[in-house]
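Visitor: This is the structure, below, for whatever I ask next.
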Amino acid sequence: MGQLSRVQKCYHCGAILQSDDPNKEGYITPNIFNQFPDGLLLCNNCYKNERFSNAPKEASFDQDYVTLLEEIKRKNALVVYTIDLFSFEGSFISKINTLLDGIDVLVVANKKDLLPKDANDENLKNYVAHRLRLIKLSVLDVVITSTGKQTYNIEEMYQKILEHSKNRDVYFIGASISGKSALISELLKLYQNNTNKMIVTYSFEGTSLRGFRIPLSNDHYLFETPGTAIDNTLIGKVEKRLQNVIIPKKSIVPKKFSLTKDSFLMIGGLACLELVDGEKTPIKLFVANTIESKVKKGNVDKVFLSNIKKGSLKPVSENLVDLKDFDAYDIEVKEQGERDIGIAGLGWVSLIGNNQLFRIYVPKGVYVYTTRSKVKNVK
Ligand SMILES: Nc1nc2c(ncn2[C@@H]2O[C@H](COP(=O)(O)OP(=O)(O)OP(=O)(O)O)[C@@H](O)[C@H]2O)c(=O)[nH]1
Ligand SMILES: [Mg+2]
């Protein structure tokens, strides 16, 4: 009988691994194959496409929204674009931004209460304006707000809406759970109805979208619209009970760590940031205060996974138990100064850029970004 040897398969797609023909399925670089004879291996294709992809996923959107934006454009209305300051970076949808081209946009950057207490409004406005410039959206103004127990700048928001609307219709738009309904309900506490119209629920023509219509004058209205669902944030990837742990309830207190080459920060069982190359780097982590995090050295795949399996860092998700549940991205930080590496829905890490190479592991399909720092000089 001939010798029986084990056939190695790609851990992700299941193709039989081979090092003979790069054009056939299952191809893996020979030295990787030889270096880890018993390891869990990925074929080059899966390694590139599935885990080490360089293109974080853009959120998708509903076709009804196009119809709604076309109506806004036709009416030359004022758009109040609501963003969630804690987590808006992945919520821009380029097609929506293109459709907003030429429309007057007032940005309301909400949930300021979730940021560290010493976060500075001017810095935040500059950050938001910078992000919006990058996506080629030109805005009239940015107002920083909060709703909830301690509201912030609601009156300023209302005044700016009245000032910029100039007898036009006004539409509150923005991602789901950015706080549109909460802001409008605060606004209604200041609002006086001097018209002969009522506040009504309203169906947007040609769509299945519904919202409130609030009269501003006898000819003009403020419309509340439903949010665009954002499918590239962590919130949609975990079970309901965990969403309450991941979405901060109060002001984030940043946690300090330090990464040296080959060490990594595990953020609960949800994400992991490794310093692959570069000098020792102090980092500040901005996530909900209840999330447990720790720096470790060693083999990321093994250590991170064993922490998840043991449940030693909270929270862990039933949906995130295997390496194939995670994407990995390499991020080179070439810029100097304070920089953030962010994970949509979870939060971000702040550091001083110094030519580091980081590798970040995030749940599959979750948006990852790098920008100048959102919250600077906090203790
Ligand atoms: N911490 C904090 N939470 C807020 C704030 N504004 C709204 N929220 C919360 O965010 C969640 C979503 O708020 P909504 O006002 O329903 O958001 P929305 O944009 O109308 O969402 P859709 O209707 O789904 O598009 C709720 O749990 C609110 O309590 C805020 O300023 N700070
Ligand atoms: Mg709403």
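Visitor: Can you confirm whether Leu222 is among the aliphatic types (A, V, I, L, M), more than 17 Å from the chain's Cα centre (by Cα) and buried (at least 17 other Cβ atoms within 10 Å of the Cβ)?
Guide: When the stated conditions are applied, Leu222 passes them.
Visitor: While we're looking at this one, here's another question. Against the conditions (1) within 24 Å of the chain's Cα centre (by Cα); (2) touching a residue at least 24 places away in the same chain (Cβ under 8 Å); (3) open to solvent by 50 Å² or more (accessible area, probe 1.4 Å), where does Arg131 fall short? Just the number, please.
Guide: (3)
Visitor: Given the condition β-branched (Val, Ile, Thr) and either in a loop (DSSP other than H, G, I, E, B) or modelled with pLDDT of 85 or more (or both), answer yes or no: does some residue in region 31-49 qualify?
Guide: No: zero hits.
Visitor: Before we move on, is Ser258 surrounded by fewer than 18 Cβ atoms within 10 Å (Cβ to Cβ), part of a loop (DSSP other than H, G, I, E, B) and more than 16 Å from ligand 1 (Cβ to nearest atom)?
Guide: When the stated conditions are applied, Ser258 does not pass them.
Visitor: Which ones in region 224-235 are at pLDDT below 90 and more than 15 Å from ligand 2 (Cβ to nearest atom)?
Guide: Asp231
Yes or no, residue by residue, for (1) within 21 Å of Val107 (Cα to Cα); (2) assigned to a loop (DSSP other than H, G, I, E, B):
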{"position": "Tyr158", "(1), (2)": "yes, no"}
{"position": "Lys197", "(1), (2)": "no, yes"}
{"position": "Thr201", "(1), (2)": "no, no"}
{"position": "Ile214", "(1), (2)": "yes, no"}
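Visitor: Oh, and also: Could you list all residues from region 264-320 that are open to solvent by 10 Å² or more (accessible area, probe 1.4 Å), closer than 26 Å to Lys250 by Cβ and of a type in the set (Gly, Ala, Ser)?
Guide: Ser293, Gly311, Ser312 - these are the residues of region 264-320 that are open to solvent by 10 Å² or more (accessible area, probe 1.4 Å), closer than 26 Å to Lys250 by Cβ and of a type in the set (Gly, Ala, Ser).
Visitor: Looking only at region 281-293, which residues are out of contact with any Lys or Arg (no Cβ under 7 Å at 6 or more places or on another chain) and under 17 Å from Arg359 (Cβ atoms)?
Guide: Those that are out of contact with any Lys or Arg (no Cβ under 7 Å at 6 or more places or on another chain) and under 17 Å from Arg359 (Cβ atoms): Thr281, Ile283.
Visitor: Right, next: Could you list, ordered by first residue, the pairs with Cβ atoms under 8 Å in which the first is in region 241-253 and within 24 Å of Lys376 (Cβ to Cβ) and open to solvent by less than 40 Å² (accessible area, probe 1.4 Å) and the second is of a type in the set (Asp, Glu) and near ligand 1 (Cβ under 9 Å from one of its atoms), at least 6 apart or interchain?
Guide: Matching pairs, first to second residue: Ser251/Asp113.
Visitor: Considering every residue within region 112-125, establish whether at least one is at pLDDT 90 or above, in contact with a strand residue (DSSP E or B) (Cβ under 9 Å, 6 or more places away or on another chain) and away from ligand 1 (no atom under 15 Å from the Cβ).
Guide: Within region 112-125 (the criterion being at pLDDT 90 or above, in contact with a strand residue (DSSP E or B) (Cβ under 9 Å, 6 or more places away or on another chain) and away from ligand 1 (no atom under 15 Å from the Cβ)), the answer is yes, since at least one residue qualifies.
Visitor: Just wondering, is there one or more residues in region 97-111 that are modelled with pLDDT of 90 or more, of a type in the set (D, E, K, R) and farther than 26 Å from Pro363 by Cβ?
Guide: Yes - at least one qualifying residue is present in region 97-111.
Visitor: Kindly check whether there is at least one residue in region 323-330 that is surrounded by 14 or more Cβ atoms within 10 Å (Cβ to Cβ), among the aliphatic types (A, V, I, L, M) and modelled with pLDDT of 90 or more.
Guide: So far as region 323-330 goes, no, none of its residues is surrounded by 14 or more Cβ atoms within 10 Å (Cβ to Cβ), among the aliphatic types (A, V, I, L, M) and modelled with pLDDT of 90 or more.
Visitor: Let me ask something additional. Consider region 136-164. How many of its residues are within 16 Å of ligand 2 (Cβ to nearest atom) and surrounded by fewer than 16 Cβ atoms within 10 Å (Cβ to Cβ)?
Guide: The qualifying residues number 1.
Visitor: Can you find a residue in region 351-363 that is part of a strand (DSSP E or B) and on the phi > 0 side of the Ramachandran plot?
Guide: no
Visitor: Within region 80-111, can you find the residues that are within 28 Å of Thr151 (Cα to Cα) and either of a type in the set (Gly, Ala, Ser) or open to solvent by 20 Å² or more (accessible area, probe 1.4 Å) (or both)?
Guide: Those that are within 28 Å of Thr151 (Cα to Cα) and either of a type in the set (Gly, Ala, Ser) or open to solvent by 20 Å² or more (accessible area, probe 1.4 Å) (or both): Asp84, Ser87, Gly90, Ser91, Asp104, Ala109, Lys111.
Visitor: A further question on this structure: Just one of Ser165, Ser146, Ser203 is among the hydroxyl-bearing types (Ser, Thr, Tyr), within 14 Å of ligand 1 (Cβ to nearest atom) and either in contact with a Gly (Cβ under 7 Å, 6 or more places away or on another chain) or not assigned by TED's automatic domain parsing to the domain that holds Lys249 (or both); which is it?
Guide: None of the others qualify; the one that does is Ser146.
Visitor: Taking the condition more than 17 Å from Val79 (Cα to Cα), more than 24 Å from the chain's Cα centre (by Cα) and either among the aliphatic types (A, V, I, L, M) or more than 14 Å from ligand 1 (Cβ to nearest atom) (or both), does Glu155 pass?
Guide: In short, yes.
The values are calculated or read from the model by the stated rules, or taken from the named source; none is laboratory data. This structure is a prediction, so every number in the text was calculated from the model and none was measured. When we count neighbours, we look across all protein chains shown, and the Cβ atoms used for this are built from the backbone with ideal geometry, even at glycine. Accessible surface is based on the protein model in full, side chains and every heavy atom, while ligands, DNA and RNA are left aside. Shrake-Rupley method; radii C 1.70, N 1.55, O 1.52, S 1.80 Å.
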